[in-house]
Structures are given as structure tokens and as C-alpha cells.
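The values are calculated or read from the model by the stated rules, or taken from the named source; none is laboratory data. All figures in this text were calculated on a predicted structure; none of them were measured in a lab. So basically every Cβ, Gly included, is an ideal-geometry build from the backbone, and we count neighbours across all protein chains shown.
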Amino acid sequence: MTDLQAAAEQWQTRGWVLVHDLVPVDDIDLAVNELWELFPTPDEYHSGSSAASTRFETESTDDRYRPTDNRAAFEEAPSGELSFRARQFLGLVMFPYSSMLLNRLHIHPNIVSFAQLAMEETDLRLYQARTWGKYTGVTDYGQPFHQDRNHSIVPDRLEKGWWNMEGFLYLSDVEDGVGATEILGSGSTLPIAKPISASGKRGSFLAYRPDIWHRGVNLTRPGGARFIMSTSFRHAGHEWIGFDSFQQHSNRGPWSKFAASCSPEELALFGAPLPGHPYWTPELVDAFEERYRGIDASPWRKRLPL
Ligand SMILES: O=C(O)CCC(=O)C(=O)O
């Protein structure tokens with residue numbers, strides 16, 4: 001059993017924590033059955049099938065992460081050198097997915113409760129949601145230590161109450177040889193410390209603050225692969241923080257099905273006004289039901305002004 005209060009305090013004081021078993025392994029395994037709609041299985045990928053590697057580089061990678069011309073890949077730093085390489089970002093698939101079970105993992109109640117506990121705030125927004133698959137041999141995944149400076153348009157305010165929570169939910173066992181993220185510590189300059197490998201079983205959640213120095217690590221295990229979900233939260237009013245946007249998907253099937261399955265509190269994680277909010281009128285609740293067929297709109301309807 002993980003002591004969630006202690007884990008939350010560790011995130012607040014040390015800046016990062018690996019919460020083992022945050023999501024039950026059965027919930028992960030059920031959803032992972034559907035991961036193979038998005039990615040080739042590790043066996044398929046490592047069988048040497050060109051169809052599997054083409055599928056990985058096209059279907060399993062969002063357009064914006066696909067190197068636009070092959071030269072970019074060849075001009076990257078030599079293997080063994082710590083560097084950001086375009087090919088490290090192959091295998092990034094954006095939420096919402098065709099799989100409802102995978103979609104719902106991003107808002108698993110255990111993750112949301114943990115974020116609320118650690119951030120000491122109930123009104124949160126999910127601002128980053130994507131799945132990342134890596135396979136041994138695609139590229140050298142070794143990165144230099146860095147702090148993520150691309151989650152905010154202003155410098156990070158590093159006091160309690162201002163932090164966002166960056167998170168990786170492990171969909172596969174992330175252990176030796178399959179690229180467990182290395183953590184060095186916090187500080188305005190690179191800390192002199194021994195890196196800690198955030199190894200954990202599937203269902204673990206690595207939560208870190210924006211001031212944490214960390215890096216991606218190469219996958220060396222033959223036949224290896226690593227699958228994680230980036231799941232990051234900010235306080236509702238902190239609009240300077242962001243990464244992925246969801247509105248652009250909101251008139252399409254996967255989002256519509258996902259939205260129809262959500263409670264008011266779950267949709268509020270994406271910014272939807274809660275029941276009782278002055279936004280809602282009877283006509284809008286009707287239109288909402290029409291848009292997301294099957295949604296239980298009764299909580300919104302019950303809180304309409306008389
Ligand atoms: O994939 C990882 O383990 C970390 C990746 C990372 O830190 C990055 O791409 O900024």
C-alpha cells in the first residue's frame with residue numbers, strides 16, 4: 001500500500017515522487033488490451049516486420065512529432081551522446097484515442113485524487129494528455145538533464161500553491177533497460193547529485209514539479225518497449241500553463257463518446273462549467289444532451305435556476 005499523504009508531501013517537499021500502484025494493475029491491463037489499436041506490440045515491432053515499423057512511424061505518431069524529412073534523423077547526434085533527437089518523439093499519440101478505456105485512464109479517480117491531495121486544490125485542469133511508446137533501437141533515447149520550460153508562457157513560480165504537476169502513468173513495467181526516467185533533483189542550476197532511476201511497475205505514477213531536473217534514458221533491453229501516459233494537471237485559474245488542447249477534438253467521435261461517459265466533475269477537468277454555473281440554460285442542457293448522446297445531464301438540469 002502506498003501512503004498517499006506521505007507521497008503528496010514528498011512531491012511538495014522534494015519536488016517529485018513515484019507513487020507505486022496508484023492505478024490498480026487490473027485497470028491498466030484491461031486498457032492495455034486496447035493499446036495495440038494504437039501501437040504495434042513489442043513482439044510485432046521487434047519481429048523486423050516493415051509493416052510494424054511503418055505503422056509505428058505513421059499511425060502511432062502524431063503528425064507534429066514526425067520528422068518531416070529523413071535528413072533530420074541522420075543529422076542527429078551520434079548514438080551514445082546525450083542529446084534531444086527528433087526520433088525520440090516518435091510514438092506520441094494524442095488523447096482522445098479510439099479506446100474508451102485508455103481515455104478514461106487519464107482521469108482515473110486515483111490519479112485525480114492524488115493530484116488534488118498533493119496540489120491542495122480540488123478545482124484542477126488536465127492540461128496534458130498523450131501516450132508515448134518507445135521501443136529499443138528506434139533511436140538513442142538518452143537526453144541531457146533538463147527542466148521542462150515548455151509548460152508555461154511565464155517563468156515558473158516555485159512556491160506552494162503555484163506548482164503544476166507533471167505526470168507519467170506507467171502502462172508497462174518501466175524497469176532496467178527500458179528507459180526509466182532519471183531524476184536529479186530541483187534547483188535553479190544543475191544539482192550535483194546521483195541520479196535516481198524512477199523504475200516502477202505498470203500502474204505507478206511519476207509526479208514531478210516543473211523545477212525538477214530529469215532526463216529520458218535510452219532503451220537497451222533487446223526486444224524492449226516502454227509505454228507511458230503523460231497526464232499533467234494545473235490549478236483551474238492558472239491559464240499561463242498549458243500543453244495540449246482538447247477543444248479541437250470536441251466535435252469528433254472519440255471525444256464525444258468519452259464526454260458522454262463523464263460526470264460533471266470529470267468534464268470540469270477539461271474546463272466544462274459545473275452544474276449550477278450561470279452558463280447553463282435549459283436550451284443549452286438540451287443541446288449538450290444532443291451533442292453527447294447518452295450523457296447523464298440530470299446533474300446539470302437539476303441545478304438550473306427556477
Ligand atoms: O521519456 C522520458 O523518460 C522523459 C522525457 C523528457 O523528459 C522529455 O522529453 O522532456
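Worth pointing out:
- Pick from region 161-205, criterion part of a loop (DSSP other than H, G, I, E, B) and β-branched (V, I, T), ranking: nearest to H146 (Cα to Cα): T189
- E175 surrounded by fewer than 22 Cβ atoms within 10 Å (Cβ to Cβ), more than 19 Å from the chain's Cα centre (by Cα), touching a residue at least 24 places away in the same chain (Cβ under 8 Å) and closer than 28 Å to Q12 by Cα: no
Yes/no matrix, rows are residues, columns are (1) within 12 Å of the ligand (Cβ to nearest atom); (2) within 21 Å of A225 (Cβ to Cβ); (3) not in a loop (DSSP other than H, G, I, E, B):
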{"site": "P78", "(1), (2), (3)": "no, no, no"}
{"site": "R125", "(1), (2), (3)": "no, no, yes"}
{"site": "Q128", "(1), (2), (3)": "yes, no, yes"}
{"site": "D148", "(1), (2), (3)": "yes, no, no"}
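- The C-beta contact set for region 35-46 (first residue farther than 16 Å from L90 by Cβ, second residue surrounded by fewer than 22 Cβ atoms within 10 Å (Cβ to Cβ) and modelled with pLDDT of 95 or more, distance under 6 angstrom, 6+ apart or interchain) comprises E37/S98; E37/S99.
- Put simply, of A118, A77 the only residue that is crowded, with 22+ Cβ neighbours inside 10 Å and over 15 Å from the mean Cα position of the chain (by Cα) is A118.
- Residue count for region 110-154, restricted to those that are modelled with pLDDT of 95 or more and either farther than 26 Å from A272 by Cα or not assigned by TED's automatic domain parsing to the domain that holds G224 (or both): 17
- Here E59 meets the list (1) touching a residue at least 40 places away in the same chain (Cβ under 8 Å); (2) under 30 Å from A260 (Cα atoms); (3) in contact with a strand residue (DSSP E or B) (Cβ under 9 Å, 6 or more places away or on another chain) almost entirely, failing just condition (1).
- For A51: the one exception among (1) among the aliphatic types (A, V, I, L, M); (2) within 16 Å of the ligand (Cβ to nearest atom); (3) surrounded by fewer than 14 Cβ atoms within 10 Å (Cβ to Cβ): (2)
- Flag for L35 being among the aliphatic types (A, V, I, L, M), touching a strand residue (DSSP E or B) at 6+ places or on another chain (Cβ under 9 Å) and assigned by TED's automatic domain parsing to the domain that holds G137: yes
- Count - residues of region 2-34 that are assigned to a loop (DSSP other than H, G, I, E, B) and either touching a residue at least 24 places away in the same chain (Cβ under 8 Å) or over 30 Å from W213 (Cβ atoms) (or both): 8
- Filter pass, F243 being in contact (Cβ under 8 Å) with a residue 60 or more places away in the chain, part of a loop (DSSP other than H, G, I, E, B), away from the ligand (no atom under 16 Å from the Cβ) and of a type outside the set (D, E): no
- Only one of E159, E175 that is over 11 Å from L206 (Cα atoms), within 14 Å of the ligand (Cβ to nearest atom) and modelled with pLDDT under 95: E175
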